[in-house]
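*Asks:* After the structure tokens below, expect a handful of questions from me.
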Amino acid sequence: MGSPISVLILENDSNSVFDLVREMKSGGLSPLYRVVESFPSWETTVHEEDWDAILCSTREPFHSEIPIYLQYLNDKKLDIPVILLSDSEEFTKNLSYMKSGVNDIIDRKNLLRLTEVLERERRELVYRKEKNTTETFLYQSLKEIQLQKFALDQANIVSITDANGIITYVNDAFSKVTGYSVSELIGQNHRIMKSTDKTKEDWTKIWEIIQKGKVWRGEIRNIKKDGSDYWADTTIVPFTGQDKSVFQYIAIHHDITDRKLAEQQLTHDAFYDNLTGLPNRALFLARIEQKIFAYNMKDSGYPILFCINIDNFKRINHSLGNEAGDKVLQIFAERLKKYSDSDAIITRLGADNFAILLTHILSIDEGVNFAFRLLERLGDPIPIGGYSIYLTASSGISGFGLGGKEADVLLRNAEIAMFHAKSQKVGTVSVFNQAMQEKIHFQLEIQNDLKKALTQNEIFVYYQPILDIKENKIGHWEALVRWRHPQRGMVSPGEFIPLAEDSGLIVSITKFVLERAADVIEEVQLKQGHPISIAVNLSPQVFFDQNIFHWIVDLHNRRNIPYTSLQVEITESLAMKNLSETVPILSNLIDIGVKVALDDFGTGFSSLSYLEKLPLSILKIDKSFLNNVEVGTKESFLLVSIINMAHDLGYSVVAEGVEELEQLELLKSFQCDKIQGYWLSKPIGNEDIVPFIKKFNSKQEKT
Ligand code: C2E
Ligand code: CA
Ligand code: CA
């Protein structure tokens, strides 16, 4: 059996067909063939088989139809070799068909070439078909690869390096992220990215893995051309050849910088203060522990802690706004860093509380010196919004073994010492001792009890009369709050008012005092007809944070209390805190008829220039002024000038703490208007007011 071949024969001469078949067979082929004699039958037959060749006579009618056949094959995209059977005399003429797509021409008188041509054409056809399928396949694969590459390029940063780590390919995303152009990267060692988060050992391990042909995946921090860094989730895929050795590495990076930053931010936020960038309490405690450990191991010096609190910081937030307050805290933190030693660990514990941990100071005494020096330097003016802010701060010190050996105890002790310092005087330094701790305990207890005191009727009000020494009349009283503690007995306002101010309880206490004062005005003036006005003390927490004007208008509307029967007392330091806020509140009160007294004058800053800026009705001179006052002394000269100046400004003057008749006489001679003090009466209960007035009046009538 010869090699099978399928041939479509266009011929109407049966002898000729016979010759062709015989020739093919003798040439070793085993032909499967069909003969068609006209175009219509060809049109169907040509599709019926997968023809290896078409043998076509050049005689009529075929001769004139040859172009039609060729066209048809072309149109139908049928790749079948066409071989013409030509008569020798027409041979050259038929050569022209070669140009129009005929594969070969054979002389029908000499068929020797037929087998050879058929076999050649079949080979070429097979080749063409194979090539075609390969091309289609290749084309499709390429397209797929391109699509995959496109997809890969979209989501990833891709780089390829050869076995030696030399970059052979990078995609656009790679060059975009790194800032290097593609040409700058190709040919470079991958170390151009100088990943900074990995050690040499890390890289050795990674190379070991990928050189074995295994995939490595991890996070790498790379450096861009501009020196900034980015984080990449990286997968390195090694490609191995037939000998199993790696010939290239494809690295697919995924930019995770945002996620990393968010992670870092989270850990940073957990241990650092947002506003100042300083370590927070948790981190600070850990640092103290480290230092204590190092001290115990004789590896570091004696740990000393300094708690530092800005005095009256609330005032800054209040008067200049929180933004200015934040700025002040930042500047304060900067100064703490600047003026502490380089090995100091500084923290912001919260709000306006800071702390410093030092280990190079040899004794507590040295620590105290350090603290005073530091506080002094922190006092440099801070320029904010056109103002110069002068800060003072107070500091508490504790040391290892000084009442405690654990980090949290040390810190707490320094805080206790700091509170103690503040309670003494602003801008000072205290060293922790056991007594302080007891005092703080006591204060905490008192503060707790105070919360219950109002509801349990332990709080009440006493009233101290004020005598008009020119008219010899009593019409003016001061309301002074009292607390009868169920176990401790009477607790003095000097002790619990500061605690009430710290805890905010002062607001309810002041409201309570105002209502009781209103009770007295109702009873004594409205019911019993003795004209009376009562002064109520206002703390800064009430004056600035609450609408005291509204409170008084409300008392007037609700209880029919005349404005002229009410007075308020504010301290000099309160008044001076923020003039622009104080002045309008005071003016409003004075406008409706409420008298305003400046309390304890002479204890604070005693800045006389402030006096004329303040809308006031009364100046109350502190009792300390009466010490050592005798005619002709410096003190008496000062007293006289204060009284004269107050009169010039239109204020009346009350002298506080008058205990002796001599003091009264002297004050009278100095033209003082009124006096208050034990000489006249201690503060008394509301039920004793009318009897006191009656007794005083009857005494006057007798004299
Ligand atoms: P303050 O406003 O200066 O009140 C006068 C204080 O001096 C009263 O003390 C009074 O009892 C006392 N005093 C009066 N005459 C004499 C005297 O001749 N000699 C001596 N040595 N002392 C005299 P108190 O009642 O203990 O009040 C102390 C401070 O507590 C008051 O000082 C005031 O600042 C504050 N305070 C009292 N009640 C209130 C209140 O309702 N609200 C506020 N915010 N503070 C109050
Ligand atoms: Ca007062
Ligand atoms: Ca006073």
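The values are calculated or read from the model by the stated rules, or taken from the named source; none is laboratory data. Predicted model only: the values in this text are computed from it and were never measured. We place every Cβ from the backbone using ideal geometry, glycine too, and count neighbours over all the protein chains shown. What goes into the accessible areas is simple: the full protein's heavy atoms, side chains included, and nothing from ligands, DNA or RNA. Shrake-Rupley method; radii C 1.70, N 1.55, O 1.52, S 1.80 Å.
*Asks:* What's the extension gain from Arg558 to Ser609 if we count 0.36 nm per residue and subtract their Cα-Cα distance?
*Replies:* The Arg558-Ser609 span can extend by a further 14.5 nm.
*Asks:* Further question on the same structure: In whole percent, how big is the carbon plus sulfur part of the accessible area of region 3-131, probe 1.4 Å, protein atoms only?
*Replies:* In region 3-131, the share of accessible area belonging to carbon and sulfur is 52 percent.
*Asks:* Mind ordering 388-399, 92-103 by average Cβ neighbours within 10 Å, highest first?
*Replies:* Output ranking for 388-399, 92-103: 388-399, 92-103.
*Asks:* So who's got an amide H within less than 5 Å of the one on Leu32, skipping anything under 5 residues away but keeping other chains? H placed 1.01 Å off N, in plane.
*Replies:* Ile5, Ser6, Val7
*Asks:* Considering only DSSP beta bridges with both partners in region 445-702, what is the antiparallel share in %, to the nearest 5?
*Replies:* 40 percent
*Asks:* Given the whole protein assembly as supplied and a 1.4 Å probe, what does the accessible area of Trp679 come to in Å², nearest 10?
*Replies:* In the full protein context, Trp679 sits at about 100 Å².
*Asks:* Let me ask you something else. Return one number: the angle in degrees, 0 to 90 and rounded to the nearest 10, between the long axis of the Cα atoms of helix 62-75 and the longest principal axis of the Cα atoms of the chain.
*Replies:* 20 degrees
*Asks:* Oh, and also: Please list the non-local residues whose amide H lies under 5 Å from the amide H of Ala393, H modeled 1.01 Å from N, same-chain partners needing a gap of 5 or more.
*Replies:* Asp311, Gly427
*Asks:* Next question. Which FRET efficiency value, to the nearest 0.05, do you get for Arg373 and Asp545 by plugging their Cβ-Cβ distance into 1/(1 + (r/R0)^6) with R0 = 35 Å?
*Replies:* 0.50
*Asks:* Among Lys473/Lys695; Lys93/Lys129; Lys620/Lys682; Lys314/Lys425, which pairs are too far apart, with a Cα-Cα distance over 20 Å?
*Replies:* In this structure, Lys93/Lys129 lie more than 20 Å apart at Cα.
*Asks:* Would you work out what percent of the accessible area of region 249-368, with all protein chains in place, is carbon or sulfur (probe 1.4 Å)?
*Replies:* 52 percent
*Asks:* Something else now. Give me the percent of accessible area attributable to carbon and sulfur for region 388-491, probe 1.4 angstrom.
*Replies:* Within region 388-491, the accessible surface is 49 percent carbon and sulfur.
*Asks:* How tilted is helix 14-26 with respect to the longest principal axis of the chain? Cα atoms for both, answer in degrees (0 to 90, nearest 10).
*Replies:* 70 degrees
*Asks:* For Asn296 and Asp648, calculate 0.36 nm times their separation in residues minus their Cα-Cα distance, and state this gained length in nm to one decimal.
*Replies:* Fully extending the segment from Asn296 to Asp648 adds 119.9 nm.
*Asks:* Take Asp13 and Lys76, extend 7 Å from each Cα along the Cα→Cβ direction, and tell me the distance between the two endpoints in nm.
*Replies:* 2.6 nm
*Asks:* Let me ask you something else. Using alpha carbons only, how many degrees (0 to 90, rounded to 10) separate the axis of helix 579-592 from the longest principal axis of the chain?
*Replies:* Helix 579-592 sits at roughly 50 degrees to that axis.
*Asks:* How big is the accessible area of Ser41 in square angstrom, nearest 10, if you roll a 1.4 angstrom probe over the protein chains?
*Replies:* Spelled out: Ser41, probe radius 1.4 Å, area about 40 Å².
*Asks:* Give me the net charge for the shell around Asp554: Cβ to Cβ below 14 angstrom, other residues only, Lys and Arg +1, Asp and Glu -1.
*Replies:* +2
*Asks:* Same structure, new question: What distance in nm separates the simple spin-label points at Lys694 and Ser388, each placed 7 Å from Cα in the Cβ direction?
*Replies:* The two pseudo-label positions are separated by 6.2 nm.
*Asks:* Given the Cα-Cα distance of Glu659 and Leu261 and 0.36 nm per residue of separation, how much length would full extension add, in nm?
*Replies:* 136.2 nm
*Asks:* How many nm is it between the label spots at Thr168 and Ser587, if each spot is 7 Å from the Cα in line with the beta carbon?
*Replies:* 8.5 nm
*Asks:* Right, another one. Quick one: work out the % antiparallel among DSSP beta bridges in the chain, nearest 5.
*Replies:* For the chain, the DSSP antiparallel bridge percentage is about 60.
*Asks:* For the chain, with every protein chain kept in place, what is the accessible area per residue (1.4 Å probe, Å²)?
*Replies:* Accessible surface, normalised per residue, equals 52 Å².
*Asks:* Express the relative contact order of the chain as a whole percentage, based on alpha carbon pairs under 8 Å and six or more residues apart in sequence.
*Replies:* So the answer I get is 6 percent.
*Asks:* Can you check what the net charge comes to around Ile192, using other residues whose Cβ is under 14 Å from the Cβ of Ile192 (Lys, Arg +1; Asp, Glu -1)?
*Replies:* +1
*Asks:* From Cα pairs below 8 angstrom and at least 6 apart in sequence, can you work out the relative contact order of region 570-686, rounded to a whole percent?
*Replies:* Once divided by the residue count of region 570-686, the mean separation gives 20 percent.
*Asks:* Additional query: Can you give the FRET efficiency to the nearest 0.05 for Thr134 and Val21, using r as the Cβ-Cβ distance and R₀ = 22 Å?
*Replies:* After rounding, the FRET efficiency stands at 0.05.
*Asks:* Using amide H atoms built in the peptide plane, which far-off residues or other-chain residues are under 5 Å from Leu349 H to H?
*Replies:* Excluding prolines and chain starts, which carry no amide H, the hits are Phe354, Ala355.
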